[in-house]
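The values are calculated or read from the model by the stated rules, or taken from the named source; none is laboratory data. Treat the numbers as computed from the prediction; the structure is a model and nothing was measured. Here the Cβ positions follow ideal geometry from the backbone for every residue, glycine too, while neighbour counts run over all protein chains shown. Heavy atoms of the whole protein, side chains included, go into the accessibility calculation; ligands, DNA and RNA do not. Shrake-Rupley method; radii C 1.70, N 1.55, O 1.52, S 1.80 Å.
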Amino acid sequence: MGDATRPNILLIQSDQHRYDCTGRSGHPLVRTPTLDALAAEGVWFSNAFTPSPICGPARQSLLCGLWPEQHGGLWNHGGLPLPPFDRDTWTEALRDAGYRLGHVGKWQEHPTRGPEAFGFHDVTPAAAYAAWRRDGGLPEARPEGWRWFGGVDPVAPEQTRPFWLAARAAELLERYAGRPEPWHLRLNLDEPHLPCFPAEPFASLYRPEEIPPWGNAVDALEAKPFIQRQQRASWGIQGYTWREWSVYVARYLAVVTQIDAAIGMLLDALERLGLAGSTLVVYTTDHGDAGGSHGLIDKHYTMYDELVRVPLIARWPGVALAGAASDAMVTQALDLAATMYDAAGLPVPAACQGRSLLPILRGATPSDWRQEVIATYSGAQFGLFVQRMLRDRHWKYVWNPTDVDELYDLASDPYELANRAPDPDCAQVLSAMRVRLYERLLAQGDPLVGNEWMRRQLLDGHKLAR
């Protein structure tokens, strides 16, 4: 049943949800009453960052608490072959400690081994929804062809994938409510990953002409890596204006509100079954979405905050401070892995690269908590392009070993429009951040800094500015 020492754990993870697209983060239009209420009852993290802005590596890091370069999952399955993911996971540790585990929805952690191989007892895969929809004679949710800007799903809300999966998760809660052991339930939603096909009434909530453009919707990409301009060409979106992007964003926001409502249904079930008081509830995502920021779509080859900064909320009645906000620099997936061990009363493995968030939830951020975060990227279906990011509260440095580096003054340029790496006035900041990044990557065993040529770039300034 769960208690203060061995709580139930409900982890809800969406796919590609921008940090700035919740009511709690201050978006002027989006409606997320469920997530806003969850934050009001728990702790909202304003500086949580994914270890890698791509689905598979981020999700694998969440399972094992290691960096992608350590666990070997550098890009999504279906691209170039990778070593099989085979690491100790906190889900297996919970199973061995007597927890009952359920998994509902998307699974991208391994191409051939499902959630059962990682400790889960009860599994409802995302494919079960597609079969249910097909067997029910419902129309195709995402028609073939050029569809990345989405459309409208012509079914009732309860027939959409977020609601259907949330209902299956609620059914597992019904089963777990009568069991003596604590449980861990994972709900993995595909949304709001593009293409977005909201159903009514959500599809009509946001009118494109009423959506204000992002502060970085227009970006000439001056003095920035060539690959960003190439991505516009690869997607065929050169020359798009806010008229086109506002349609995309309207559907994206509608799906965000739709998943918020589906999550609300699941949390209502948790409350109705008398489980809310003994359950740690966490909401987060794997990474964000460009969605027209910088004139880009999806993700890949950038470390802008629209991709690396993620929403993170944790509610644990009687343990986490209700309504608290933390600006601690959180390496989200790695710290969550450590937190899951800690919350279940299990020792955090020495190999785990994260730190438990429980002290922060209780209102006591450790004095030695990190002041900066790293994110890594090693390529995907568009080809290999390696990046490493170091970000603190003021500056962001992006090391692009095969192109120009990026440096953003977040205090004066929060939309990351002006690359200050070539600016002589920023030379000291750039040099210092390169040294710190090198030292961090070396300590993490990142093979990218395992040779003299990479060392020259970061420590000796052998890096072209243009």
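The criterion of at least 3 residues that are without any contact (Cβ under 8 Å) to a residue 60 or more places away in the chain is met by the following helices (runs of 4 or more DSSP H) wholly inside the stretch 355-466: 427-443, 452-459. The set of residues from the stretch 268-294 being under 17 Å from Ala320 (Cβ atoms) and in contact with a strand residue (DSSP E or B) (Cβ under 7 Å, 6 or more places away or on another chain) comprises Leu270, Leu275, Ser278, Thr279, Leu280, Val281, Val282, Tyr283, Thr284. Among the residues making up the stretch 153-189, those that are in contact (Cβ under 8 Å) with a residue 24 or more places away in the chain and out of contact with any strand residue (DSSP E or B) (no Cβ under 8 Å at 6 or more places or on another chain) are Arg161, Pro162, Phe163, Trp164, Ala167, Ala170, Glu174, Ala177, Pro180.
Give the stretch 369-384 a look and list any residue that's at pLDDT 95 or above and open to solvent by less than 20 Å² (accessible area, probe 1.4 Å), or say none. Give the steps one after another, and end with the answer.
Step one: of the stretch 369-384, the residues at pLDDT 95 or above are 369-377.
Trp369, Val373, Ile374, Ala375, Thr376, Tyr377, listed by residue number.
Contact map, the stretch 269-296: residues that are free of Cβ contacts under 8 Å to residues at least 60 places away in the same chain and within 24 Å of Glu41 (Cβ to Cβ) paired with residues that are among the hydrophobic types (A, V, I, L, M, F, W, C) and open to solvent by less than 10 Å² (accessible area, probe 1.4 Å), Cβ distance under 6 Å, separation 6+ or inter-chain. Pairs shown: Ala276/Leu270.
Going by the conditions given, is Arg18 surrounded by fewer than 22 Cβ atoms within 10 Å (Cβ to Cβ), modelled with pLDDT of 95 or more and either of a type in the set (A, V, I, L, M) or out of contact with any Cys (no Cβ under 8 Å at 6 or more places or on another chain) (or both)? For Arg18, the condition - surrounded by fewer than 22 Cβ atoms within 10 Å (Cβ to Cβ), modelled with pLDDT of 95 or more and either of a type in the set (A, V, I, L, M) or out of contact with any Cys (no Cβ under 8 Å at 6 or more places or on another chain) (or both) - is not met.
Would you mind listing the strands (runs of 3 or more DSSP E) fully within the stretch 257-353 where at least 2 residues are within 30 Å of Asp88 (Cα to Cα)? Don't jump to the end; show me each part of the working.
Details: elements: 279-285, 312-315, 324-326.
Hits in the stretch 257-353: 279-285, 312-315.
Among the residues making up the stretch 232-256, those that are assigned to a helix (DSSP H, G or I) and open to solvent by less than 10 Å² (accessible area, probe 1.4 Å) are Trp245, Ser246, Tyr248, Val249, Ala250, Tyr252, Leu253, Ala254, Val255, Val256.
Ala130 meets each of the listed conditions (1) closer than 30 Å to Gly445 by Cα; (2) open to solvent by less than 60 Å² (accessible area, probe 1.4 Å) apart from (1). Does Arg309 fit the bill of being buried (at least 22 other Cβ atoms within 10 Å of the Cβ) and under 15 Å from the mean Cα position of the chain (by Cα)? When the stated conditions are applied, Arg309 passes them.
Tell me yes or no: at least one residue of the stretch 192-215 is within 18 Å of Ile259 (Cα to Cα), among the acidic types (Asp, Glu) and open to solvent by 30 Å² or more (accessible area, probe 1.4 Å). The answer is yes; a qualifying residue exists.
Is it the case that Leu194 is more than 30 Å from Thr5 (Cβ to Cβ), in contact with a helix residue (DSSP H, G or I) (Cβ under 7 Å, 6 or more places away or on another chain), part of a loop (DSSP other than H, G, I, E, B) and in contact (Cβ under 8 Å) with a residue 40 or more places away in the chain?
Numbers: more than 30 Å from Thr5 (Cβ to Cβ): yes; in contact with a helix residue (DSSP H, G or I) (Cβ under 7 Å, 6 or more places away or on another chain): no; part of a loop (DSSP other than H, G, I, E, B): yes; in contact (Cβ under 8 Å) with a residue 40 or more places away in the chain: yes.
Taking the combined requirement at face value, the residue does not satisfy it.
Of the numbered criteria (1) open to solvent by less than 30 Å² (accessible area, probe 1.4 Å); (2) free of Cβ contacts under 8 Å to residues at least 40 places away in the same chain; (3) under 26 Å from Trp75 (Cβ atoms), the one Gly150 fails is (2). Return the pair list, or none, for Cβ contacts closer than 7 Å from residues in the stretch 86-103 that are at pLDDT below 95 to residues that are open to solvent by 30 Å² or more (accessible area, probe 1.4 Å), at least 6 apart or on different chains. Note: pairs meeting the criteria are Asp88/Pro349.
Being assigned to a loop (DSSP other than H, G, I, E, B), closer than 20 Å to Ala421 by Cβ and under 23 Å from the mean Cα position of the chain (by Cα) is the filter here; which residues of the stretch 213-231 pass it? Correct list: Asn216 only.
Can you tell me which residue within the stretch 336-353, out of those that are open to solvent by less than 10 Å² (accessible area, probe 1.4 Å) and over 13 Å from the mean Cα position of the chain (by Cα), is nearest to Ser378 (Cα to Cα)?
Applying the filter and picking the extreme gives Ala337.
Within the stretch 133-191, can you find the residues that are of a type in the set (Gly, Ala, Ser) and either under 26 Å from Gly291 (Cβ atoms) or in a loop (DSSP other than H, G, I, E, B) (or both)? Selection gives Gly136, Gly137, Ala141, Gly145, Gly150, Gly151, Ala156, Ala166, Gly178. Please verify whether Gly277 is of a type outside the set (A, V, I, L, M, F, W, C), in contact with a helix residue (DSSP H, G or I) (Cβ under 8 Å, 6 or more places away or on another chain), more than 28 Å from Ile374 (Cβ to Cβ) and open to solvent by 10 Å² or more (accessible area, probe 1.4 Å), treating the condition exactly as stated. Spelling it out, it is not the case that Gly277 is of a type outside the set (A, V, I, L, M, F, W, C), in contact with a helix residue (DSSP H, G or I) (Cβ under 8 Å, 6 or more places away or on another chain), more than 28 Å from Ile374 (Cβ to Cβ) and open to solvent by 10 Å² or more (accessible area, probe 1.4 Å).
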